[in-house]
Every structure is written in C-alpha cells, then in structure tokens.
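Written out below as structure tokens is the structure these notes cover.
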Amino acid sequence: MVTKKDIRSLNEDQLKEILISNSFKAFRTKQIIHWIWKKSVHGFDEMTNIPSNLIKFLEENFVINNIQIDRMQKSSDGTIKNAIKLFDGHIVECVLIPTKDRITACVSSQVGCSLNCKFCATAKLERMRNLNPDEIYDQVVLIRQQSEEYFDRPLTNIVFMGMGEPLMNYKNVLKSIEKITSKSGLGISQKRIVVSTSGVPKMIKKIADLGVKFKLAVSLHSAINEKRTSIMPFNEKMNLSELQESLNYWYKKTKEIITYEYVVWEGVNDTDADISALVEFCKKIPSKVNLIQYNNIDGENFVQASSHILSKYIKILESNKIKATIRKSRGQDIDAACGQLANKS
Ligand code: SAH
C-alpha cells in the first residue's frame, strides 16, 4: 500500500503545480491553503467552497495528519497539560500556562530528546523523531482554542520549552514559526515567541544568519565548564567558550538580548564561585538571567537551593547591572512544569 502524503508537507507552489497538472484551476491553491492552515480542518470534506471532484482528488491522494488530544490534565493553578497523539502513534506534550497578563503555549519540537541533561525528565526518553512543522503548528492551534474556551482570553505567547531540543530540529521549527507568524496561518508576531535551547553553537549561528526575529533563551545552569559538563554532558563537545562565541555572533546579528535559564541546586552550583562565573559570563553579551525553580523528577537527587541562595544570586547579579528574575514553577501537580514532560501517563 502506498502511504498518502500529508498535504501540509507541501508548500504553496508545490500544491499549485499538482493541481494544475491534474487540470484543476490554480486559484484553488489559495483556497485549500486557507482551509488546511488558517481553518485547521481535519477532513477535505470540510472545505465548503471546493468542488466535489477536487475534494475526491484530494482524498485519494493526500491526508491531513492533525494531532489528537490523548489526555488533558488541569492543574490547580490553571495550567493545562495535553498529551497529544501524532499520526504514527507517538505521544508528545504541550502546555497552556495562564498568568494574570499572559497566556503562554509551551510546545514540543521532538519526540523525546537526544541531549542528556541529568536533571530533565524528557532526557530519559530516547529521541524517536523530529516533529513536522504542522505538528508543532497544531499544538499552538490547540492551545489557542483552549485559551478561548477555558479562559476567554487570546493566546499571547509561545515558548519552545516543551519536549526536545528545537535547534536539533531547526528546519521544521523555523517552518512552523513561519506558519504561526504568517497571515495565512495564525498571524502571531515573532516577538512573542521564545526558542529555548540547551545551546548548540553551530545552530545558533545559523539561525542568526537567517535574520530571525524571535527571542532566544539558553539553558545555561552553570558558567563553569566542567560543572556544566557534569550536569549537561553534551557540553563536553560544545563547550562554554564555543557557546559564548556563538551568542556573541547572535547578538551582533540580531541585537536581541539573550535570556539565560538557570536552576540553582544545593551542592551543585550554589557557591560564590558559581555566582561570579555567571556574572562574568553575562557581562560578555547583553543578557538577563531567569532563575528557574527546580521541579523534581523521578530517579534523580537534585535539590533546589534555598531561597537565601537565590536571593544572593539576584543581589550579586543586580549589583553588576544584570537583570535577574525568578520564574515560578507552574503545573507541578500534573508534571507539566519545566523538565517534567515525559509522557508519564
Ligand atoms: N531543550 C530546550 C528546551 C526544553 S527545556 C532547552 O534545553 O532549553 C526548557 C527549560 O527547562 C530548560 O531551561 C531546561 O534546562 C529546564 N529544565 C529541564 N529540566 C528541569 C527541571 N527538572 N526543573 C526545572 N527546569 C528544568
């Protein structure tokens, strides 16, 4: 049996060419594009302005592989976690995070992850495959609907902080962002999108060259090379000086400041030397620090440092004119917080 192609893997020109070579009118392309992206239809028969012979042709030759909700969980703080099923049965998770003035969609970019950060639950899953652009796009569509349905508010922000390493799937991530931001898609501004990376220097330079307008967050967690390697082993191959060089390049090209994500653990990075190293690292490139609360994961003994240590971090960063904030954890009771996405259900 020949497996049918997902129609959303075609770009506009490719679709137009197929339609014309099968004697359909070229203007149908834009109509179909409207239905599959803007309207996110699940079946070709929902395309009410398309003639029946064309619907039949589309049904015979293509599929629309929309994501499906496998399980939805609501946290006592309003956070919603969705386990979503992909066309081939794999499950990934995406999260709606409501706050007073924002509703944020946290989306996944890969099934599992190939990096091995010791403190992250997703890292325990093998990387199975990259998500397609439409599978990333659909997560945003889903959360946008939930935002309207449950909160009666529009979706305001998107963060690539779910499962996977976005820059290890950068082509599909960029294609999804193109659709999320384009008029024929969701029309959301790139400025409202944050891509969070563990720090893949080669890829950071590549996207800087492409002139992207979204924001970059880098999961730093330690500015001391050996220490970072001990908690993020891939750092051995892509070390801090390489990372710094790529971030310098990013800043020169984009003029966008970088956010460093940083968890402070007892006995790991809670000394004065750790703070000084972070200050020095931050001084090199315009940046700010987001201290993330640690969320416990099964089978690891990391312990969040005390609020006294966090206050010390903030005080010293601020006295060096580096902006620092503490990011409160959301959705912990349903394992929806940073680093907890692991398809437990
Ligand atoms: N791979 C990307 C995006 C996914 S993780 C990245 O590394 O940036 C999103 C953020 O959660 C990262 O900063 C990551 O380091 C952090 N994180 C991972 N596990 C965590 C945990 N158990 N508690 C708190 N934050 C965690």
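The values are calculated or read from the model by the stated rules, or taken from the named source; none is laboratory data. Model, not experiment: these values are computed from the prediction. Please note: Cβ atoms are built from the backbone with ideal geometry, for glycine as well, and neighbour counts cover all protein chains shown. Note: areas computed on protein heavy atoms with side chains; ligands, DNA, RNA excluded. Shrake-Rupley method; radii C 1.70, N 1.55, O 1.52, S 1.80 Å.
For segment 68-334, the convex hull spanned by the alpha carbon atoms encloses 128 Å³ per residue. On the principal axes of its alpha-carbon atoms, segment 5-63 has extents of 25, 22, 20 Å, going from largest to smallest. Based on Cα contacts under 8 Å between residues 6+ apart, the chain shows a relative contact order of 15 percent. A cut-off of 5 Å between modelled amide H atoms, ignoring neighbours fewer than 5 places along the same chain, links V303 with E266. Protection proxy ranking, highest mean first, for peptides 309-317, 83-91: 309-317, 83-91, where packing is the per-residue count of other beta-carbon atoms within 10 Å, averaged.
Counting only Cα atoms, the size of segment 104-195 along its three principal axes is 37, 27, 20 Å, in decreasing order.
Per residue, the chain exposes an accessible area of 47 Å² to a 1.4 Å probe, with every protein chain left in place. Beta-bridge orientation, the chain: approximately 45 percent antiparallel, per DSSP, counting only bridges with both partners inside.
Taking each of K16/K183; K288/K312; K253/K328; K183/K213; K202/K315 in turn, the alpha-carbon distance tops 25 angstrom for K253/K328; K202/K315.
Net charge dipole, segment 68-334: roughly 980 debye, given to the nearest 20, about the Cα centre with Cβ charges of +1 for Lys and Arg and -1 for Asp and Glu. Would you work out if segment 1-137 is rounded, prolate or oblate? Take a ≥ b ≥ c from the square roots of the eigenvalues of the alpha-carbon gyration tensor; rounded if a/c is under 1.5, else prolate when a/b is larger than b/c, oblate otherwise. In terms of gyration-tensor shape, prolate.
For the chain, C94, C106, C113, C282, C338 have no disulfide-compatible partner, since no other Cys C-beta lies under 4.7 Å from theirs. Here the peptides 197-206, 252-261 are ranked by packing, the mean other Cβ count within 10 Å, and the order with the highest first is 197-206, 252-261. A Stokes-Einstein calculation at 4 °C with viscosity 1.567 mPa s, built on the Kirkwood radius of segment 167-261 over Cα pairs, returns a diffusion coefficient of 93 µm²/s.
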